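The values are calculated or read from the model by the stated rules, or taken from the named source; none is laboratory data. Just so it is clear, the model here is predicted, and its values are computed rather than measured. Positions of Cβ are generated from backbone atoms using ideal geometry, with glycine treated the same way; all protein chains shown enter the neighbour counts. The accessibility values were calculated without ligands, DNA or RNA, using every heavy atom of the protein model including side chains. Shrake-Rupley method; radii C 1.70, N 1.55, O 1.52, S 1.80 Å.
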Amino acid sequence: MNLPGAERKVLVLGKGASGTAAAKLAEAKECDVAFADGYGLVVASPGVRVMSELEYGCRELKRLGVKMLAVTGSKGKSSVVKFVADALNLAGMRATPCGNYGLPVSELANQLSTSGLQLSTPTWAVVEVSSFMMETTNLPPDTFEAAAILNLQEDHLDRHGSVEVYHALKRRLLSMTRPECAFDMSVFEGHRILESVCKDGPDEIYADSYFDNPVLSRNALAAIQLLNAAGVDDKTIRRAFLAFEPLPHRMQTVAEIDGVRYVDDSKATSIAALVAGVKMVPKPCVFSSGRNVRLIAGGLPKGDDPKSAVPILTERGKKVYLIGQCAEEFRSAWSDAVDCEVCGTMERAVEAARRDAEKGDTVLLSPGTASFDQFKSFGERGEVFARLVKKEG
(Lines give C-alpha, C1' and ligand atoms only; values in the text may rest on other atoms or scores of the structure.)
Protein backbone atom coordinates (compact mmCIF):
# COMPACT_ATOMS: atom_id res chain seq x y z
CA MET A 1 0.00 0.00 0.00
CA ASN A 2 1.29 3.45 -0.89
CA LEU A 3 1.14 5.64 2.21
CA PRO A 4 2.26 9.24 2.59
CA GLY A 5 5.72 9.40 4.12
CA ALA A 6 4.47 10.89 7.39
CA GLU A 7 1.96 8.06 7.87
CA ARG A 8 4.70 5.41 7.62
CA LYS A 9 5.83 6.38 11.12
CA VAL A 10 3.09 5.48 13.60
CA LEU A 11 3.06 6.13 17.34
CA VAL A 12 0.47 4.02 19.18
CA LEU A 13 -0.68 5.35 22.54
CA GLY A 14 -1.50 2.57 25.00
CA LYS A 15 -0.77 -1.16 24.93
CA GLY A 16 -4.31 -2.37 25.55
CA ALA A 17 -6.20 -4.59 23.11
CA SER A 18 -7.04 -1.71 20.75
CA GLY A 19 -3.52 -0.26 20.80
CA THR A 20 -1.93 -3.65 20.18
CA ALA A 21 -4.34 -4.32 17.30
CA ALA A 22 -3.59 -0.94 15.72
CA ALA A 23 0.16 -1.59 15.99
CA LYS A 24 -0.16 -4.98 14.29
CA LEU A 25 -2.22 -3.47 11.49
CA ALA A 26 0.34 -0.70 11.03
CA GLU A 27 3.17 -3.26 10.92
CA ALA A 28 1.24 -5.25 8.30
CA LYS A 29 1.12 -2.05 6.23
CA GLU A 30 4.93 -1.85 6.51
CA CYS A 31 4.92 1.12 8.86
CA ASP A 32 7.51 1.91 11.52
CA VAL A 33 5.65 1.51 14.83
CA ALA A 34 6.48 2.76 18.31
CA PHE A 35 4.50 2.46 21.55
CA ALA A 36 3.90 5.00 24.31
CA ASP A 37 2.12 3.75 27.41
CA GLY A 38 1.25 4.97 30.87
CA TYR A 39 0.22 8.52 30.01
CA GLY A 40 -3.10 9.91 31.23
CA LEU A 41 -2.98 12.97 28.96
CA VAL A 42 -1.52 13.43 25.49
CA VAL A 43 -0.83 16.91 24.09
CA ALA A 44 -0.45 16.85 20.31
CA SER A 45 0.97 19.70 18.26
CA PRO A 46 -1.06 20.83 15.21
CA GLY A 47 1.43 19.19 12.86
CA VAL A 48 0.68 15.67 14.16
CA ARG A 49 -2.35 13.82 12.81
CA VAL A 50 -4.25 12.06 15.63
CA MET A 51 -6.53 9.17 14.68
CA SER A 52 -8.52 6.76 16.82
CA GLU A 53 -7.98 3.01 16.53
CA LEU A 54 -11.61 2.87 15.38
CA GLU A 55 -10.92 5.14 12.43
CA TYR A 56 -7.66 3.37 11.56
CA GLY A 57 -9.38 -0.01 11.44
CA CYS A 58 -12.55 1.18 9.70
CA ARG A 59 -10.59 2.81 6.89
CA GLU A 60 -8.81 -0.49 6.26
CA LEU A 61 -12.05 -2.50 6.39
CA LYS A 62 -13.60 -0.11 3.87
CA ARG A 63 -10.60 -0.56 1.58
CA LEU A 64 -11.03 -4.32 1.80
CA GLY A 65 -14.69 -4.09 0.78
CA VAL A 66 -16.13 -5.10 4.16
CA LYS A 67 -19.59 -3.65 4.83
CA MET A 68 -20.08 -2.09 8.25
CA LEU A 69 -22.97 -1.29 10.58
CA ALA A 70 -22.39 0.92 13.63
CA VAL A 71 -24.10 1.18 17.00
CA THR A 72 -23.68 3.70 19.81
CA GLY A 73 -25.72 4.86 22.80
CA SER A 74 -25.62 4.99 26.58
CA LYS A 75 -27.08 1.57 27.39
CA GLY A 76 -27.35 -1.74 25.55
CA LYS A 77 -24.76 -1.26 22.79
CA SER A 78 -23.00 -4.61 23.21
CA SER A 79 -26.25 -6.58 23.32
CA VAL A 80 -27.50 -4.92 20.12
CA VAL A 81 -24.15 -5.46 18.37
CA LYS A 82 -24.18 -9.14 19.35
CA PHE A 83 -27.79 -9.54 18.25
CA VAL A 84 -27.26 -7.84 14.87
CA ALA A 85 -24.16 -9.95 14.19
CA ASP A 86 -26.05 -13.12 15.21
CA ALA A 87 -28.93 -12.22 12.87
CA LEU A 88 -26.60 -11.50 9.93
CA ASN A 89 -24.90 -14.85 10.45
CA LEU A 90 -28.29 -16.56 10.63
CA ALA A 91 -29.06 -14.97 7.26
CA GLY A 92 -25.80 -16.37 5.83
CA MET A 93 -24.10 -12.96 5.71
CA ARG A 94 -20.78 -13.54 7.46
CA ALA A 95 -20.58 -11.01 10.29
CA THR A 96 -18.13 -10.21 13.10
CA PRO A 97 -18.83 -7.98 16.12
CA CYS A 98 -16.02 -5.52 16.79
CA GLY A 99 -15.12 -2.23 18.42
CA ASN A 100 -15.98 -1.87 22.10
CA TYR A 101 -17.44 -5.40 22.01
CA GLY A 102 -15.74 -8.25 20.19
CA LEU A 103 -12.48 -7.77 18.34
CA PRO A 104 -10.77 -4.39 18.10
CA VAL A 105 -11.62 -3.06 14.64
CA SER A 106 -7.95 -2.98 13.63
CA GLU A 107 -7.52 -6.63 14.64
CA LEU A 108 -10.36 -7.68 12.35
CA ALA A 109 -8.91 -5.54 9.55
CA ASN A 110 -5.48 -7.09 10.05
CA GLN A 111 -6.89 -10.63 10.03
CA LEU A 112 -8.70 -10.02 6.76
CA SER A 113 -5.86 -8.13 5.08
CA THR A 114 -3.18 -10.69 5.94
CA SER A 115 -5.13 -13.94 5.51
CA GLY A 116 -5.66 -13.61 1.79
CA LEU A 117 -9.35 -14.31 2.39
CA GLN A 118 -11.43 -13.90 -0.73
CA LEU A 119 -14.61 -12.00 0.07
CA SER A 120 -16.70 -14.20 -2.22
CA THR A 121 -19.82 -13.84 -0.03
CA PRO A 122 -21.00 -10.75 1.84
CA THR A 123 -18.79 -10.00 4.84
CA TRP A 124 -19.97 -7.60 7.52
CA ALA A 125 -18.53 -5.91 10.58
CA VAL A 126 -20.92 -4.76 13.31
CA VAL A 127 -19.11 -2.02 15.20
CA GLU A 128 -19.80 -0.83 18.75
CA VAL A 129 -18.73 2.81 19.02
CA SER A 130 -18.02 4.64 22.28
CA SER A 131 -17.92 8.36 22.98
CA PHE A 132 -14.21 8.00 23.79
CA MET A 133 -13.56 6.69 20.28
CA MET A 134 -15.48 9.55 18.69
CA GLU A 135 -13.17 12.17 20.22
CA THR A 136 -10.54 11.43 17.55
CA THR A 137 -12.58 9.83 14.75
CA ASN A 138 -13.28 11.51 11.42
CA LEU A 139 -14.76 9.16 8.82
CA PRO A 140 -16.51 9.99 5.52
CA PRO A 141 -20.31 9.78 5.14
CA ASP A 142 -20.18 6.50 3.20
CA THR A 143 -18.28 4.54 5.88
CA PHE A 144 -21.21 2.64 7.40
CA GLU A 145 -24.10 1.03 5.54
CA ALA A 146 -26.26 2.16 8.48
CA ALA A 147 -25.73 3.53 11.99
CA ALA A 148 -27.92 3.80 15.07
CA ILE A 149 -27.98 5.71 18.35
CA LEU A 150 -29.92 3.58 20.84
CA ASN A 151 -30.44 6.14 23.60
CA LEU A 152 -28.71 9.13 25.16
CA GLN A 153 -28.49 9.38 28.93
CA GLU A 154 -26.08 10.94 31.43
CA ASP A 155 -22.72 9.17 31.52
CA HIS A 156 -18.95 9.70 31.38
CA LEU A 157 -19.16 13.25 32.70
CA ASP A 158 -15.84 12.64 34.46
CA ARG A 159 -14.29 12.37 30.98
CA HIS A 160 -16.33 14.75 28.82
CA GLY A 161 -17.22 17.45 31.33
CA SER A 162 -20.86 17.94 30.36
CA VAL A 163 -23.80 15.94 29.09
CA GLU A 164 -23.96 18.23 26.02
CA VAL A 165 -20.42 17.32 24.95
CA TYR A 166 -21.08 13.61 25.61
CA HIS A 167 -24.27 13.59 23.51
CA ALA A 168 -22.65 15.60 20.71
CA LEU A 169 -19.85 13.04 20.45
CA LYS A 170 -22.38 10.22 20.17
CA ARG A 171 -24.34 12.04 17.47
CA ARG A 172 -21.24 12.53 15.32
CA LEU A 173 -21.60 8.88 14.33
CA LEU A 174 -24.69 9.66 12.24
CA SER A 175 -22.61 11.85 9.89
CA MET A 176 -20.64 8.74 8.89
CA THR A 177 -23.52 7.08 7.02
CA ARG A 178 -26.13 8.19 4.50
CA PRO A 179 -28.93 10.32 6.05
CA GLU A 180 -31.62 7.78 5.19
CA CYS A 181 -29.64 5.09 7.06
CA ALA A 182 -28.94 7.16 10.19
CA PHE A 183 -31.29 6.08 12.99
CA ASP A 184 -31.40 8.19 16.14
CA MET A 185 -33.71 6.29 18.47
CA SER A 186 -33.23 8.89 21.21
CA VAL A 187 -35.51 11.35 19.39
CA PHE A 188 -38.30 9.02 18.23
CA GLU A 189 -41.44 8.06 20.09
CA GLY A 190 -43.30 4.80 20.00
CA HIS A 191 -43.32 2.46 17.03
CA ARG A 192 -44.43 4.79 14.26
CA ILE A 193 -40.87 4.91 12.91
CA LEU A 194 -41.19 1.30 11.76
CA GLU A 195 -44.77 1.25 10.51
CA SER A 196 -43.59 1.26 6.91
CA VAL A 197 -40.72 -1.16 7.53
CA CYS A 198 -42.05 -4.13 9.55
CA LYS A 199 -44.93 -5.82 7.72
CA ASP A 200 -46.06 -7.75 10.80
CA GLY A 201 -45.50 -4.86 13.23
CA PRO A 202 -42.36 -4.44 15.32
CA ASP A 203 -43.97 -5.88 18.48
CA GLU A 204 -44.49 -9.22 16.77
CA ILE A 205 -40.89 -9.42 15.62
CA TYR A 206 -39.27 -9.16 19.06
CA ALA A 207 -42.12 -10.53 21.22
CA ASP A 208 -41.09 -13.01 23.96
CA SER A 209 -37.40 -12.19 23.48
CA TYR A 210 -34.79 -10.63 25.77
CA PHE A 211 -35.75 -7.25 24.29
CA ASP A 212 -39.49 -7.57 24.99
CA ASN A 213 -39.79 -5.06 27.83
CA PRO A 214 -40.35 -1.29 28.11
CA VAL A 215 -36.64 -0.57 28.62
CA LEU A 216 -35.09 -2.55 25.76
CA SER A 217 -37.86 -2.41 23.15
CA ARG A 218 -36.38 0.72 21.56
CA ASN A 219 -33.05 -1.09 21.20
CA ALA A 220 -34.93 -3.86 19.41
CA LEU A 221 -36.37 -1.30 17.00
CA ALA A 222 -32.88 0.03 16.26
CA ALA A 223 -31.63 -3.48 15.57
CA ILE A 224 -34.54 -4.10 13.16
CA GLN A 225 -33.73 -0.88 11.30
CA LEU A 226 -30.07 -1.83 10.95
CA LEU A 227 -30.86 -5.33 9.74
CA ASN A 228 -33.47 -4.12 7.26
CA ALA A 229 -30.88 -1.68 5.90
CA ALA A 230 -28.52 -4.65 5.46
CA GLY A 231 -31.20 -6.57 3.54
CA VAL A 232 -32.26 -9.08 6.20
CA ASP A 233 -35.94 -10.07 6.05
CA ASP A 234 -38.32 -9.89 9.01
CA LYS A 235 -38.74 -13.68 9.32
CA THR A 236 -35.01 -14.16 9.80
CA ILE A 237 -34.91 -11.27 12.29
CA ARG A 238 -37.76 -12.91 14.24
CA ARG A 239 -35.85 -16.20 14.40
CA ALA A 240 -32.77 -14.33 15.61
CA PHE A 241 -34.72 -12.62 18.42
CA LEU A 242 -36.06 -15.95 19.68
CA ALA A 243 -32.59 -17.55 19.56
CA PHE A 244 -30.71 -14.65 21.17
CA GLU A 245 -28.61 -15.45 24.23
CA PRO A 246 -27.86 -12.31 26.32
CA LEU A 247 -24.35 -11.34 27.32
CA PRO A 248 -23.19 -11.98 30.90
CA HIS A 249 -23.80 -9.39 33.64
CA ARG A 250 -26.84 -7.88 31.90
CA MET A 251 -29.93 -8.64 34.03
CA GLN A 252 -28.70 -12.22 34.37
CA THR A 253 -30.51 -14.36 36.95
CA VAL A 254 -27.79 -16.21 38.87
CA ALA A 255 -29.99 -18.01 41.41
CA GLU A 256 -33.46 -18.31 42.87
CA ILE A 257 -33.40 -19.25 46.57
CA ASP A 258 -36.47 -19.61 48.76
CA GLY A 259 -38.57 -17.61 46.31
CA VAL A 260 -36.01 -14.78 46.01
CA ARG A 261 -34.38 -14.00 42.65
CA TYR A 262 -30.75 -12.84 42.56
CA VAL A 263 -29.93 -10.84 39.41
CA ASP A 264 -26.50 -9.74 38.16
CA ASP A 265 -26.65 -6.43 36.29
CA SER A 266 -23.04 -5.49 37.03
CA LYS A 267 -22.71 -3.92 33.55
CA ALA A 268 -24.94 -1.08 34.83
CA THR A 269 -22.09 1.40 35.29
CA SER A 270 -24.15 4.60 35.21
CA ILE A 271 -27.13 5.90 37.16
CA ALA A 272 -29.26 5.76 34.00
CA ALA A 273 -28.37 2.08 33.59
CA LEU A 274 -29.21 1.46 37.26
CA VAL A 275 -32.63 3.05 36.72
CA ALA A 276 -33.21 0.85 33.68
CA GLY A 277 -32.20 -2.25 35.63
CA VAL A 278 -34.66 -1.54 38.44
CA LYS A 279 -37.43 -0.89 35.88
CA MET A 280 -36.77 -4.26 34.25
CA VAL A 281 -37.39 -6.27 37.43
CA PRO A 282 -40.86 -7.85 37.13
CA LYS A 283 -43.41 -7.07 39.81
CA PRO A 284 -44.43 -10.14 41.83
CA CYS A 285 -48.07 -9.72 40.74
CA VAL A 286 -50.31 -7.08 39.20
CA PHE A 287 -51.91 -6.29 42.56
CA SER A 288 -48.62 -5.69 44.41
CA SER A 289 -47.18 -2.30 45.31
CA GLY A 290 -44.20 -3.12 43.13
CA ARG A 291 -41.64 -2.39 45.85
CA ASN A 292 -39.86 -5.73 45.60
CA VAL A 293 -36.32 -4.67 44.58
CA ARG A 294 -33.47 -5.00 47.06
CA LEU A 295 -30.72 -3.11 45.26
CA ILE A 296 -26.97 -3.50 45.72
CA ALA A 297 -25.35 -0.33 44.38
CA GLY A 298 -22.23 1.80 44.64
CA GLY A 299 -18.61 1.84 43.58
CA LEU A 300 -16.55 4.43 41.74
CA PRO A 301 -18.84 7.32 40.64
CA LYS A 302 -18.70 8.68 37.08
CA GLY A 303 -20.03 12.17 37.72
CA ASP A 304 -23.73 11.58 36.99
CA ASP A 305 -26.38 12.63 39.51
CA PRO A 306 -27.59 9.83 41.84
CA LYS A 307 -30.74 11.84 42.60
CA SER A 308 -32.06 10.96 39.15
CA ALA A 309 -32.72 7.47 40.54
CA VAL A 310 -35.01 8.75 43.32
CA PRO A 311 -38.33 8.33 41.40
CA ILE A 312 -37.72 4.68 40.47
CA LEU A 313 -36.38 3.83 43.93
CA THR A 314 -39.45 5.43 45.49
CA GLU A 315 -41.67 3.32 43.24
CA ARG A 316 -39.82 -0.02 43.19
CA GLY A 317 -37.10 0.00 45.86
CA LYS A 318 -37.60 -2.02 49.05
CA LYS A 319 -34.09 -1.41 50.39
CA VAL A 320 -30.67 -0.40 49.08
CA TYR A 321 -27.38 -1.99 50.22
CA LEU A 322 -24.49 0.35 49.46
CA ILE A 323 -20.89 -0.59 48.68
CA GLY A 324 -17.73 1.10 47.49
CA GLN A 325 -16.34 4.60 47.40
CA CYS A 326 -19.63 6.44 46.87
CA ALA A 327 -21.71 4.58 49.48
CA GLU A 328 -22.20 7.63 51.69
CA GLU A 329 -22.92 9.90 48.71
CA PHE A 330 -25.64 7.54 47.45
CA ARG A 331 -27.09 7.12 50.96
CA SER A 332 -27.40 10.89 51.28
CA ALA A 333 -29.12 11.14 47.88
CA TRP A 334 -31.55 8.25 48.40
CA SER A 335 -32.30 7.84 52.10
CA ASP A 336 -35.46 9.98 52.00
CA ALA A 337 -36.89 7.75 49.24
CA VAL A 338 -35.84 4.26 50.34
CA ASP A 339 -34.27 2.49 53.30
CA CYS A 340 -30.47 2.48 52.82
CA GLU A 341 -27.79 0.43 54.59
CA VAL A 342 -24.11 1.18 54.10
CA CYS A 343 -22.41 -2.23 53.82
CA GLY A 344 -19.06 -1.26 52.31
CA THR A 345 -18.21 -4.57 50.67
CA MET A 346 -20.01 -6.93 48.33
CA GLU A 347 -19.77 -9.73 50.88
CA ARG A 348 -21.58 -7.75 53.56
CA ALA A 349 -24.16 -6.45 51.07
CA VAL A 350 -25.09 -9.94 49.85
CA GLU A 351 -25.24 -11.18 53.44
CA ALA A 352 -27.54 -8.32 54.48
CA ALA A 353 -29.80 -8.65 51.43
CA ARG A 354 -30.11 -12.39 51.98
CA ARG A 355 -30.99 -11.77 55.64
CA ASP A 356 -33.78 -9.30 54.76
CA ALA A 357 -35.21 -10.79 51.56
CA GLU A 358 -38.73 -12.21 51.47
CA LYS A 359 -40.45 -14.45 48.92
CA GLY A 360 -41.21 -12.42 45.79
CA ASP A 361 -38.26 -10.06 46.25
CA THR A 362 -35.46 -9.58 43.73
CA VAL A 363 -31.93 -8.89 44.98
CA LEU A 364 -30.47 -6.84 42.13
CA LEU A 365 -26.82 -5.95 41.66
CA SER A 366 -27.09 -2.84 39.49
CA PRO A 367 -24.30 -0.63 40.83
CA GLY A 368 -24.71 2.56 38.79
CA THR A 369 -20.94 3.09 38.95
CA ALA A 370 -17.60 1.93 37.63
CA SER A 371 -16.05 -1.00 39.49
CA PHE A 372 -12.39 -0.03 39.80
CA ASP A 373 -12.40 1.01 43.45
CA GLN A 374 -12.88 -2.61 44.55
CA PHE A 375 -12.71 -4.82 41.43
CA LYS A 376 -10.68 -5.21 38.24
CA SER A 377 -13.78 -4.93 36.04
CA PHE A 378 -17.56 -5.02 36.05
CA GLY A 379 -17.20 -8.67 35.06
CA GLU A 380 -15.24 -9.54 38.18
CA ARG A 381 -17.78 -7.61 40.26
CA GLY A 382 -20.61 -9.69 38.83
CA GLU A 383 -18.71 -12.93 39.30
CA VAL A 384 -18.03 -12.13 42.97
CA PHE A 385 -21.73 -11.36 43.48
CA ALA A 386 -22.79 -14.66 41.88
CA ARG A 387 -20.25 -16.65 43.87
CA LEU A 388 -21.39 -15.11 47.16
CA VAL A 389 -25.05 -15.71 46.35
CA LYS A 390 -24.46 -19.36 45.54
CA LYS A 391 -22.26 -19.78 48.61
CA GLU A 392 -25.00 -18.33 50.79
CA GLY A 393 -27.54 -20.60 49.13
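Which one of P97, V84, L11 has its Cα pushed farthest toward the positive end of the charge dipole of segment 1-103, where Lys and Arg give +1 and Asp and Glu give -1 at the Cβ?
Going by the charge dipole, the pick is V84.
Got a sec? Which residues in segment 221-253 would a label at D203 touch, if it sits 7 Å along Cα→Cβ and we count backbone N under 16 Å?
221
Which value, in debye to the nearest 20, gives the size of the charge dipole of segment 285-350 about its Cα centre, when Lys and Arg are +1 and Asp and Glu are -1 at the Cβ? Present the calculation step by step, with values, prior to reporting the outcome.
Numbers: 9 positive and 9 negative charges, 51 e Å.
That gives a dipole near 240 debye.
Calculated from DSSP H runs of 4 or more alone, at -39500 (n - 2.57) each and per residue, what is the 222 nm mean residue ellipticity of the chain, nearest 500? Please list the in-between numbers first.
Details: 15 runs with 145 residues, N = 393.
Calculated mean residue ellipticity at 222 nm is -10500 deg cm²/dmol.
Return the long-range amide H neighbours of T96 (sequence gap of 5 or more, or a different chain), with a cut-off of under 5 Å between placed amide H atoms.
For T96, whose amide H was placed from the backbone, the distant partners under 5 Å are W124, A125, V126.
When the accessible area of segment 199-330 is computed with all protein chains present and a 1.4 Å probe, what percentage of it is carbon and sulfur?
Details: 2700 of 5400 Å².
Result for segment 199-330: 50 percent of the exposed heavy-atom area is carbon or sulfur.
Suppose R0 equals 45 Å. What FRET efficiency, 1/(1 + (r/R0)^6) with r the Cβ-Cβ distance, do F132 and D356 give to the nearest 0.05? Before the final figure, lay out the partial values.
On the way: r = 39 Å, r/R0 = 0.86.
After rounding to 0.05, the efficiency reads 0.70.
Averaging over all projection directions, find the projected area of the Cα convex hull of the chain and quote it in nm² with one decimal place. Write down the numbers at each step before the final one.
Values: hull surface 82.0 nm².
So the mean shadow area of the Cα hull is 20.5 nm².
Mind running the shape call on segment 239-318? Use the C-alpha gyration tensor, a ≥ b ≥ c as the square roots of the eigenvalues: rounded below 1.5 for a/c, prolate if a/b tops b/c, oblate otherwise.
On the way: a/c = 1.68, a/b = 1.13, b/c = 1.49.
Judged from the Cα gyration tensor, segment 239-318 comes out oblate (a/c at least 1.5, b/c at or above a/b).
Taking 8 Å as the Cα distance limit and 6 or more residues as the minimum spacing, I'd like the relative contact order of the chain as a percentage.
Numbers: 738 pairs, mean separation 53.0, N = 393.
That works out to 13 percent.
Assign one of three labels to segment 1-75, namely rounded, prolate or oblate, based on the Cα gyration tensor with a ≥ b ≥ c the square roots of its eigenvalues; rounded applies when a/c is under 1.5, prolate when it is not and a/b is larger than b/c, and oblate otherwise. Numbers along the way, then the final one.
Details: a/c = 1.67, a/b = 1.10, b/c = 1.52.
The shape class here is oblate.
What ranking, highest mean first, results for peptides 138-145, 218-225 when packing means the other Cβ atoms within 10 Å averaged over each residue? Display every interim value, and only then the final one.
On the way: 138-145: 16.8, 218-225: 26.4.
Order by mean packing, descending: 218-225, 138-145.
Between S115 and K283, 0.36 nm times their residue separation minus their Cα-Cα distance comes to what?
Computed gain between S115 and K283 is 55.3 nm.
So how do 12-25, 365-378 stack up, highest first, on mean other-Cβ count within 10 Å? Mind dumping the intermediate values first?
On the way: 12-25: 19.4, 365-378: 21.4.
Going from most to least packed, we get 365-378, 12-25.
Rounded to a whole number, what % of the accessible area of segment 1-145 do carbon and sulfur atoms account for, probe 1.4 Å?
It is 52 percent, rounded to a whole number.
To the nearest 20 debye, what charge dipole does segment 37-116 have about its Cα centre, counting +1 at the Cβ of each Lys and Arg and -1 at the Cβ of each Asp and Glu? Please report the intermediate quantities before stating the final value.
Values: 9 positive and 6 negative charges, 61 e Å.
Dipole magnitude for segment 37-116 comes out near 300 debye.
What residues qualify as long-range amide H neighbours of F183, i.e. H under 5 Å apart, gap of 5 or more or another chain, H built at 1.01 Å from N?
A147, A148, I149
Leaving out ligands and nucleic acids, and using a 1.4 Å probe, what accessible area per residue does the chain come to in Å²?
Values: 17940 Å² over 393 residues.
Averaged over the residues of the chain, the accessible area is 46 Å².
To the nearest 20 debye, what charge dipole does the chain have about its Cα centre, counting +1 at the Cβ of each Lys and Arg and -1 at the Cβ of each Asp and Glu?
Values: 47 positive and 51 negative charges, 82 e Å.
Computed charge dipole of the chain: roughly 400 debye.
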